[in-house]
1. Only one of (1) among the hydrophobic types (A, V, I, L, M, F, W, C); (2) outside any helix (DSSP H, G or I); (3) more than 23 Å from E651 (Cα to Cα) fails for I614. Which number is that?
2. I need the full set of residues from region 434-464 which are assigned to a helix (DSSP H, G or I), modelled with pLDDT of 85 or more and of a type in the set (V, I, T), in order please.
3. Would you mind stating whether K248 is charged (D, E, K, R), in a helix (DSSP H, G or I), out of contact with any strand residue (DSSP E or B) (no Cβ under 6 Å at 6 or more places or on another chain) and at pLDDT 85 or above?
4. Check region 87-103 and report whether any residue there is assigned to a helix (DSSP H, G or I), open to solvent by 30 Å² or more (accessible area, probe 1.4 Å) and closer than 30 Å to V238 by Cα.
5. Are any residues in region 525-542 under 16 Å from V570 (Cβ atoms) and either at pLDDT below 90 or within 37 Å of the chain's Cα centre (by Cα) (or both), and if so, which ones?
6. For L725, all conditions in the list (1) surrounded by fewer than 16 Cβ atoms within 10 Å (Cβ to Cβ); (2) farther than 23 Å from F443 by Cα; (3) among the aliphatic types (A, V, I, L, M) hold save one; what is the number of the exception?
7. Hey, can you tell me all the residues within region 230-245 that are assigned to a helix (DSSP H, G or I) and open to solvent by less than 30 Å² (accessible area, probe 1.4 Å)?
Amino acid sequence: MFKSYFKTAFRQLRRNKLFSIVNIVGLSTGFASIMALALLVYQYITTDSNQVDIGQMYYLKTKSADGNEYTQTPYPLLGEIVKKCPEVQAATHAQQWYYPWLKFNNKEIQETTVFGDTGYFKVFQFPFKYGNAANALQDKYSIVFSEEVAKKLFGNVNPVGKIVTADDTLQLTVTGVLQHVPSNSSIQPSVLLPSAILESNSDFKNGANWYNTFASNYLRLRANSSPQKLENEIAQIVKTDYAPEQKKSVVTVVPFSKITEENSSLTGVIIKGAVGAGIFILLIILVNLINLNTAGMYTRAKEVAVKQMIGGRKKNIVWQFCIENGLIVFSSILLAWLIFSALLLPSVNDITKDKFGAIETGIGKDYPILLLFTGMGLLFTVIAASVPAIKLATVKVTDAVKGKIMSGNFKSSSVRSVFIVVQFTLAITLIAVTLILNRQIGFMKSSPLGFNKDNVAVVSLDLAFRDPKAADARFVSIVDELKNNPHVKAVSVNGEIPTSYWDNYNTYYDPATNKDVHMRQAPADAGYLATYQIPLIQGKTFSDQLTSSQKNGVLINRTAMKALGWDNAVGKEIRSRGENTAYTVVGVTEDFNYRDLQGNIEPLIHWYAGKPSINNSYLSISIQPGYIKPVMEHLKQEFKSIPSRRDFSYEMMSDKVDKQYALLDGILKISNYVALLTVLIASMGMFGLIALFARQRVKEIGIRKVLGASVAGIVQLLSKEFLILVGVSILIAAPAAWYLMNKWLLDFAYRIDIKWWMLLAAGGIAILIALATISYQAVRAALANPVKSLRTE
């Protein structure tokens, strides 16, 4: 019997090619999108699922007296917590300070390096491929690798016990190799070294006091311990041991499960958007499948009647429709997987890998998603098949043979109207969201930054020079040569550049008023303002000829001057909390956006970075238009004379500025795709309904044509109601889109105003698409031979 069902199903799908293609295209594109969104959400909700008893894991967060929050504390705090707080089962720092070059035989690599305490593998219970967690970081000169990094350095052999040389001097013994860490783990260790090595570093020791806040801390509490009690105990340590300027700080104990949201404020927004978009698409493709099945069922009336006459039962009819729909649905799911794997997955990974990790697929890992789509396919099959099958099976055989299968006028069906309104409301909302998002990102990219980003080349100086002293001497001569180049406007050698400022803050105060201002602090060399054309509104900039006299001279921005309550800042003295060092303001810069326009301009202070040195991070060169390539080619040749582990490379500042918006650009691409897909699927649903509507009124159309009705009049007759429903959708979608996007734009310091024409344009696009969809079927019906129409049963 089932063999017969499958034969009949294949014949039916082949006979109705148009509807089969429309169904498969709509379902496969919809399912592919839902797969991408579902795996993104699954990646998020299973974040850190590799950790054991994650409910006992926490990290520390500081709230300073001025209201700023950050996930760091003074370095000595964790040691006191371990000594004095019995709730803590294990604790560790996870400190990044520098990344040593690691050499084994003839291979040399540099990877992200974290310094951890002996409790690291008690807090983070990563499984080991080689070695064991108990003694992995016990010895001061031990080292642990991730599986991927170990393979780069040692190949496929067990490296435990082998000696690795760090920075040509330090001998380290390999004590462990971790198994592959899932991409959605918040902690991705590549190279792990003991904190004891870091604590021997003189620069680190000088900063690791009770004032400076830079240490990242992670804890595993004992079962049933109270985080609130631990916070109270930490508060006593803060009161006792913190520097006087920091005693008002509050340290909180935050569940480790919240760390993903902590790392990115957009994470929650993206996930909520993915869930919402997935549900919208799911509903739309289900409604479309029902609509298209309903539209096609009237051609099957006689077939079903004949089957009933020869003894077919209702369940046999339902089975037949289920198999037909099952073939469409599961074929679409397989096609959707191919579309997802080949097209969508790489695109989604490019957009989100920095926030969620690259999505890794596999049956063992993602079987819940496979079960979800199998269940979804069965549910779609049953629902979509049952509606027309039950309807046809309940019609009297005599009525079915005569074509009388409607108990009411489908034209006035409120359910159908609701479906159309819902579909197009979602489509118009997404179109409006996409238009507004395009405008906002375009506005941010085109807004004045307060500095020049054009024709400025940025060279990374982190090339790991083999002889730093000789490299520095050669570099100084290269910089002098650049300054004398007639095609070079200005040169800057600095530790920071716009788009790449450190999260380095301190509190400064005016000794005359004792007013505190929390400022971001950064270095600036003598050529920094000239290279980036940052306006100076008061005083002067730094000079390499006045090194001694400007030792404690600083530049502040306009926002910092206002925050201190000054009208004229030049010559004023400010002091830093903690060190109590006195600084003299030598100049005031105009405010400029050194980060993307999503945030406000903060109070900013620059100290003198000193004369050009290879020890800085960046060489910035402002070049006359048309001469960038020859200047940089010559510079590349000059750098070849300095032996280094990395190759010379540069990037234009304009490209760096654009990269700040990479995530927003990715969200925009996804929004464009979802909006297009929603409109496409909604149009397919309307296509099915107008086809059904036209079939119902075949004789009416024939009579109207015989009586002299024009093609335009018949098209108007068939399309008027549908266009009214689209108009209703516009009235619902416009305020919804305005509300959603107005709320979203509040997160941006620099934002556009939502104009009425943006919402009108979204509605206009929907109407044009609806007209194109409706017109095809309406014109086709209107042009039909009226004689054939009147003879149709």
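1. Result: I614 fails condition (3) only.
2. Within region 434-464, just I436 meets the criteria.
3. It is false that K248 is charged (D, E, K, R), in a helix (DSSP H, G or I), out of contact with any strand residue (DSSP E or B) (no Cβ under 6 Å at 6 or more places or on another chain) and at pLDDT 85 or above.
4. No, region 87-103 contains no residue that is assigned to a helix (DSSP H, G or I), open to solvent by 30 Å² or more (accessible area, probe 1.4 Å) and closer than 30 Å to V238 by Cα.
5. Those that are under 16 Å from V570 (Cβ atoms) and either at pLDDT below 90 or within 37 Å of the chain's Cα centre (by Cα) (or both): L529, P535, L536.
6. (1)
7. L230, I234, I237, V238
The rows are residues; the columns are (1) in a loop (DSSP other than H, G, I, E, B); (2) within 15 Å of T513 (Cβ to Cβ); (3) not aliphatic (A, V, I, L, M).
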{"position": "D567", "(1), (2), (3)": "yes, yes, yes"}
{"position": "G571", "(1), (2), (3)": "yes, no, yes"}
{"position": "I574", "(1), (2), (3)": "no, yes, no"}
{"position": "N580", "(1), (2), (3)": "yes, no, yes"}
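The values are calculated or read from the model by the stated rules, or taken from the named source; none is laboratory data. These numbers come from a predicted model, not from an experiment. Counting neighbours? That spans all protein chains shown, and the Cβs are built from the backbone with ideal geometry, glycine included. Remember, those area values only see protein heavy atoms, side chains included, never the ligands or the DNA or RNA. Shrake-Rupley method; radii C 1.70, N 1.55, O 1.52, S 1.80 Å.
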